[in-house]
Amino acid sequence: MRIYKYMLPKLKIYRPIRRNRISQGFGVENTAPHLLEAYKKMGMRGHNGVDLVVDHKPLFWNCNVRGFVYKISVDVKGGIGLDIISQTREGYYKHRYWHLKEGSIIVKEGDWVDSGQLLATTGNTGWSTGPHLHYGLKPVIRDMNNIYHNSLQNNGYYGAVDLAPFFTNIFILNLMKVLYEQVLSLMRRIFKTQRSLLNKNI
């Protein structure tokens with residue numbers, strides 16, 4: 001079956017960790033002033049993601065669609081990182097998680113992950129001013145060899161974009177709990193209606 005873009009859901013992103021504290025946002029205007037020069041030396045205009053203050057806590061897949069574990073990396077700057085690909089109506093996106101705890105990643109390249117699935121534990125690996133999670137979002141295109149390339153590589157942020165248009169600041173597991181309770185409530189109403197109709201026919 002061929003899948004058309006209009007058949008796919010729109011991209012929605014939620015908070016991947018329980019703690020809600022952002023230390024640095026995306027772009028020049030949200031970059032800590034004392035770090036601007038460091039980012040320029042790395043070839044960027046400013047910070048290319050969102051930094052969430054967290055110390056060795058569980059990290060969950062925080063998107064509204066299934067994700068494909070594309071790459072697990074070890075980088076001098078980012079430390080231990082995890083790339084997951086999502087496909088939505090807007091196209092393919094690479095979700096990047098950096099500074100993860102060594103040995104904590106429980107998924108492997110090629111795995112599919114569902115919303116709310118445990119991925120790893122946050123940490124403080126790589127170039128880091130303190131324990132935190134760096135979360136970045138990059139639109140990508142897929143070539144014929146199933147390799148994903150940044151579609152905006154020369155935008156001053158190495159292809160990363162602001163996730164704000166897609167982001168709702170709700171912890172993914174809290175959201176799933178609410179959805180579960182809504183489905184359960186609906187099932188109860190349906191069961192109650194069916195039982196009422198059955199009693200009328202007896």
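Tabulated data
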{"quantity": "Residue check for residue 157: closer than 22 Å to residue 23 by Cα, in a loop (DSSP other than H, G, I, E, B) and modelled with pLDDT of 90 or more", "calculated": "yes"}
{"quantity": "Among (1) of a type in the set (A, V, I, L, M); (2) surrounded by 15 or more Cβ atoms within 10 Å (Cβ to Cβ); (3) in contact with a Lys or Arg (Cβ under 9 Å, 6 or more places away or on another chain) - the single one residue 42 does not satisfy", "calculated": "(2)"}
{"quantity": "Residue 107 being of a type in the set (Val, Ile, Thr), more than 16 Å from residue 44 (Cα to Cα) and assigned to a loop (DSSP other than H, G, I, E, B)", "calculated": "yes"}
{"quantity": "From 148, 93, residue being in contact (Cβ under 8 Å) with a residue 40 or more places away in the chain, surrounded by 21 or more Cβ atoms within 10 Å (Cβ to Cβ), hydroxyl-bearing (Ser, Thr, Tyr) and over 20 Å from residue 58 (Cβ atoms)", "calculated": "93"}
{"quantity": "Subset of the range 71-86 that is buried (at least 19 other Cβ atoms within 10 Å of the Cβ) and of a type outside the set (A, V, I, L, M, F, W, C) - its residue that is farthest from residue 42 (Cα to Cα)", "calculated": "86"}
{"quantity": "Every residue from the range 169-191 that is of a type in the set (A, V, I, L, M) and assigned to a helix (DSSP H, G or I)", "calculated": "172, 173, 175, 176, 178, 179, 183, 184, 186, 187, 190"}
{"quantity": "Residues of the range 110-154 classified as of a type in the set (Val, Ile, Thr) and not in a loop (DSSP other than H, G, I, E, B), total", "calculated": "5"}
{"quantity": "Pair list, Cβ < 8 Å and 6+ apart or interchain, from the range 101-121 residues that are over 15 Å from residue 66 (Cβ atoms) to residues that are part of a loop (DSSP other than H, G, I, E, B) and basic (Lys, Arg)", "calculated": "120/101; 121/57; 121/101"}
{"quantity": "Given (1) touching a residue at least 24 places away in the same chain (Cβ under 8 Å); (2) in contact with a Lys or Arg (Cβ under 9 Å, 6 or more places away or on another chain); (3) surrounded by fewer than 15 Cβ atoms within 10 Å (Cβ to Cβ), number of the condition residue 133 does not satisfy", "calculated": "(3)"}
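The values are calculated or read from the model by the stated rules, or taken from the named source; none is laboratory data. Computed from a prediction, not measured in an experiment: that's the story for all the values here. Every residue, glycine among them, receives a Cβ derived from its backbone with ideal geometry; neighbour counts consider all protein chains shown.
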